[in-house]
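The structure under discussion appears below in the form of structure tokens.
The values are calculated or read from the model by the stated rules, or taken from the named source; none is laboratory data. Since we're looking at a predicted model, the values are computed, not measured. All Cβ positions, even for glycine, are placed from backbone atoms using ideal geometry, and neighbour counts span all protein chains on display.
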Amino acid sequence: MEGQKVKKKIKEIRFDMDKCNGCRCCEIVCSQVHANPKYSSVNPAKSRIRVIIDEFADNYVAIRAGQYTEAECNARNSFTIRGREFGTCEFCPAACPSRDAFKDPESGLPFKCDACEGEDSDIPMCVKECHSGALTYIEREVEVEPHTTDELQVSVATLLKRHGLEKVVDTIAKVAKEL
Amino acid sequence: MRYGETGYFLEIDLSTGNIEKVESDPRWLELYVGGQGSADRILWDRVPPEVEPFSPDNLLIFSAGLFCGTPIPGANRTIVNTFSPQTNLHAHTMMGSYFAPEMKFAGYDKIIIKGKADKLVYIYICDDKVEIRDASHLKGLGTYDTQEVLKKELGHRFQIAAIGPAGENRVFYASIDHSHASAARGAGAVMGDKRVKAIAIKGTKDLYVANPQKAFELGNRLRKEIAENPHVGDWMAVDEDDSFHHDNFAWGNARVRRKGYWTPEIEERFTRIKYDHLDRQTGCFNCPKRCHNVISWPGRKRFSYKCFGKDTYHMAAFQELDFSYDILGVAQNLGLDSYTTPQVIAFALELYEAGILTDNDLPGMPNDIKGRFFYFLDKIVKREGIGDILADGVYWAARKIGKGAEAFDHNTTKKFEQVPIKLGKLNPPYFLMIATGEKMNITQIEGSFPQDPLPTREEREEFVRGWIAAKDERFKKWFLEWEKREMVTIEMACAITEWNEAMHYIDDATGLCGFVSSFRGQFGGRTVYHIHNIPEFITVITGVEFDEEKLWTVYKRNRNLVRALNVRRGMRREDEKPPEDHWAVRNHEYEQILLDCYYEYQGWTKQGIPTVETLKKLDLDFVAEDFLKRGILTGNDEVPNVYEKYKDKYPWGI
């Protein structure tokens, strides 16, 4: 029915940088869970969560691997936190063409956090093994408006506005031929 | 396929520029476990006794303990071994934080450095890519500064171990610093002599375990145990009552004990200073504890300390905590060890008061005590004037200065500054530990058997009930009956000394931190790691069968190997003595019998040299052969043969 809200489950791993003791247990267990065969190795470079540590500026930030993106950012931010400058990349959760983060160091394939789905644990292992309480896990249900307009319709409308009907049609025909 | 270890050593020759990745002998795991154990085998094979510590032929070996980088929590020690310019003996030092695990992930169990670079360099390691790089831009930079510059250049994933100007100028007690950890006792000076400013390492490789499922469960279980167990970690990071050090340890040049110094007012003041400046408490790789206090002090570099580290400077200077906080960040950035340095400065100030050092020796020295400490830091680090002499430590400085300065060198053993403790009555196991220990600092020797008895039988029974770490039933029986600190039989003293030392030797092979293992049993007796469970953990991680007896034999082998290295460099019975004033009341006749008994207990001659029989039992035939060839042993050597006669005697029962 139009106007009726739908329920959606949101999984959230929260990070409190003030509580982090820098032990990197999250990286250790994550890499074990995702090792092949399972648990067979430890390798923080293969962890889907990484802690950025700058002990001299007292910065501790955990970043979780998000969605892979094929596009690089063409402009980036920089942040100064307690006197130390960080670029967007350092806090970015996406594996992308411009950097090594969240990619398998051997194959280059991107990683994405799966919140330990399939693991025999009610919460992600990184959170479970974070004894300092810096990482916490929250599952909450939110009510969202149902999609009344088809996503594709929105995208096409945007293209038409920007490029005009003729150009869009021509391009679609051209691309379709190449496929 | 190797499990737990990578199976490779990285060999770097700075003189030729040659770099090799060399497969290690898989049998060494069973013989030495790893860490310092196998490093000492390399020192034995490759550094003959005539090699001076500052010779290009001396080796500087960084070892990752066997458990480092594996799921076993609390294992993160980088053990650094070489020969020390201060003692001319084996140097043992180590640091926590992240370096050793990173070595494993880069594919190396050890980094073995020989030769000498012709200019200042740093070693760049990113997995298989290893380069000796120019470090002229890092010259003179502090240990923290160097790490910051290199992290900026290379990326924050690099783990960096660096020396400061103290190391560059070969101050004998220069430290190697990494993150919130530090290793000294000779290694920083050798790194400086080799002209290696830093090692920067990053690894992205898998470190495999033999039994994945068990290792996963084990790591998680042990991590929880460590987190919840109040008897492991550094309780001094959170307990603000520090009467333990202030009332019992000696102030100044290990000179004055100030019983009753600690008061509620002092505690309140120190606590406020701490929490007003505390940024965070941190742990090491794979350890949920928070042993490092990270402090920001106005106008200084952020620094961290643990345990007694916060007291050494202000106790040497008769000041308060604010002075330690003011100087620690500076001294650690310069790359000076915070155990030895304050003692050296307090020693120099005593010489000045005694008129042995004069204003002519100390041009421009300020009048106030705080200013004087900073003055000496500067002189020592630059090896300028008197600083050049003091940079060799108290023992050598006393002899160079002369004019009676030797009498002020009252707290060294084997030419090394001991922890500043001066006590009443002779304590037999402590006599043995300080006399025969070869890790130079009592904190690296003591630790499994409690320092003191508990007052009542009920308390002792309670303690013994949960004491699963106890090596065997004898220790429980002894502890139950133990009432006065010094009332310990010779048998007890020998067994306690051995067990205490054994656990450190095991930790230094596995890479476990003393705060969850070897050091911590003496306060509370509830360590997470002990002789009964470590063998099983080695099996889970490596797939190699280990049991208690086998691990104990490894301890004995590793311990005798260190002794062999030192004996070959000339160490003998006469070197094995605690500082004369360590106890006010001594019994020299008894002490010598005690020493004889311990030598016999260990299978050593009256000179403290392992006999051929002892060595062969431990598969150290190559040591025996060398000793016979050099005439160190004759082949007819015997142990003192007095143990049976005296083992039941108490210190004043002879």
Exercise for the section: Please determine, by comparing only the residues of segment B:376-386 that are free of Cβ contacts under 8 Å to residues at least 40 places away in the same chain and surrounded by 17 or more Cβ atoms within 10 Å (Cβ to Cβ), which one is nearest to B:PHE308 (Cα to Cα). Expected result: B:PHE376
Practice task
Taking B:GLY371 as the residue in question, decide whether it is under 25 Å from B:HIS246 (Cα atoms) and without any contact (Cβ under 8 Å) to a residue 24 or more places away in the chain.
Solution key: yes
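Results for (1) closer than 25 Å to B:PRO298 by Cβ; (2) at pLDDT below 90, shown as yes or no for each residue.
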site: A:ALA45; (1), (2): no, no
site: A:ILE63; (1), (2): no, no
site: A:GLY66; (1), (2): no, no
site: A:ALA75; (1), (2): no, yes
site: A:GLY83; (1), (2): yes, yes
site: A:GLU90; (1), (2): no, yes
site: A:PRO93; (1), (2): no, no
site: A:SER98; (1), (2): no, yes
site: A:LYS103; (1), (2): no, no
Exercise for the section: Could you please let me know if B:ILE389 is free of Cβ contacts under 8 Å to residues at least 40 places away in the same chain, β-branched (Val, Ile, Thr) and in a helix (DSSP H, G or I)? Expected result: yes
Exercise for the section: Look at segment B:121-149 and say how many of its residues are touching a residue at least 12 places away in the same chain (Cβ under 8 Å) and within 27 Å of the chain's Cα centre (by Cα). Expected result: 13
Problem - Condition broken by B:MET487, with the remaining ones in (1) aliphatic (A, V, I, L, M); (2) surrounded by fewer than 23 Cβ atoms within 10 Å (Cβ to Cβ); (3) at pLDDT 95 or above satisfied - result: (3)
Practice task
Give the residues of segment B:462-484 that are touching a residue at least 40 places away in the same chain (Cβ under 8 Å) and in contact with a Leu (Cβ under 9 Å, 6 or more places away or on another chain), sorted by residue number.
Solution key: B:PHE463
Problem - Condition check for B:ILE79: buried (at least 20 other Cβ atoms within 10 Å of the Cβ), within 30 Å of B:ILE226 (Cβ to Cβ) and not hydroxyl-bearing (Ser, Thr, Tyr) - result: yes
Completion exercise
Within segment B:336-357, residues being touching a residue at least 60 places away in the same chain (Cβ under 8 Å), touching a Gly at 6+ places or on another chain (Cβ under 7 Å) and more than 17 Å from B:GLN319 (Cβ to Cβ) number 1
Fill in the blank from the handout: B:HIS231 meets each of (1) closer than 30 Å to B:ASP13 by Cα; (2) touching a Ser or Thr at 6+ places or on another chain (Cβ under 8 Å); (3) not hydrophobic (A, V, I, L, M, F, W, C) with one exception, condition (1)
Exercise for the section: Give, as residue ranges, the helices (runs of 4 or more DSSP H) completely inside segment B:283-363 that count at least 3 residues that are within 14 Å of chain A (Cβ to nearest Cβ) and not basic (Lys, Arg). Expected result: B:321-334
Handout entry: Residue pairs meeting the criteria (Cβ under 6 Å; at least 6 apart or on separate chains; first more than 15 Å from B:LYS477 (Cα to Cα), in segment B:440-461; second of a type in the set (Asp, Glu))
Key = B:ILE445/B:GLU501
Problem - Count of segment A:78-102 residues which are part of a loop (DSSP other than H, G, I, E, B) and under 18 Å from the mean Cα position of the chain (by Cα) - result: 11
Practice task
Kindly establish whether B:THR443 is surrounded by fewer than 23 Cβ atoms within 10 Å (Cβ to Cβ) and part of a helix (DSSP H, G or I).
Solution key: yes
Practice task
Would you mind telling me which numbered condition in (1) part of a loop (DSSP other than H, G, I, E, B); (2) over 30 Å from B:TRP467 (Cα atoms); (3) within 14 Å of chain A (Cβ to nearest Cβ) B:GLY260 fails?
Solution key: (3)
Practice task
Taking the residues in segment B:216-241 that are among the acidic types (Asp, Glu) and in a helix (DSSP H, G or I) as candidates, determine which candidate is farthest from the other protein chains (Cβ to nearest Cβ).
Solution key: B:GLU225
Completion exercise
Of the listed residues (B:VAL121, B:VAL149), the one being closer than 24 Å to A:PRO44 by Cα and among the aliphatic types (A, V, I, L, M) is B:VAL149
Practice task
State whether one or more residues within segment B:368-375 are hydroxyl-bearing (Ser, Thr, Tyr), over 22 Å from B:PHE303 (Cα atoms) and either crowded, with 24+ Cβ neighbours inside 10 Å or at pLDDT 95 or above (or both).
Solution key: no
Completion exercise
Sole miss for B:VAL394 among (1) within 29 Å of B:LYS649 (Cα to Cα); (2) touching a strand residue (DSSP E or B) at 6+ places or on another chain (Cβ under 7 Å); (3) among the aliphatic types (A, V, I, L, M) is condition (1)
Exercise for the section: From A:CYS20, A:CYS26, A:CYS30, grab the single residue that is surrounded by 19 or more Cβ atoms within 10 Å (Cβ to Cβ), within 13 Å of chain B (Cβ to nearest Cβ) and either among the charged types (D, E, K, R) or assigned to a loop (DSSP other than H, G, I, E, B) (or both). Expected result: A:CYS20
Handout entry: Selection count where residues are in contact with a helix residue (DSSP H, G or I) (Cβ under 6 Å, 6 or more places away or on another chain) and within 13 Å of chain A (Cβ to nearest Cβ), scope segment B:198-212
Key = 8
Problem - Count of residues meeting criterion [within 8 Å of chain B (Cβ to nearest Cβ) and either surrounded by 11 or more Cβ atoms within 10 Å (Cβ to Cβ) or polar (S, T, N, Q) (or both)] in segment A:34-53 - result: 12
Problem - So B:ALA250, is it touching a residue at least 60 places away in the same chain (Cβ under 8 Å), within 13 Å of chain A (Cβ to nearest Cβ) and either over 19 Å from B:HIS92 (Cβ atoms) or in a strand (DSSP E or B) (or both) - result: no
Exercise for the section: Test B:GLY186 against the stated conditions and say whether it is under 26 Å from B:TRP396 (Cβ atoms) and in contact with a helix residue (DSSP H, G or I) (Cβ under 9 Å, 6 or more places away or on another chain). Expected result: no
Fill in the blank from the handout: Residue hits (segment B:263-282; basic (Lys, Arg) and more than 10 Å from chain A (Cβ to nearest Cβ)) are B:ARG269, B:ARG272, B:LYS274
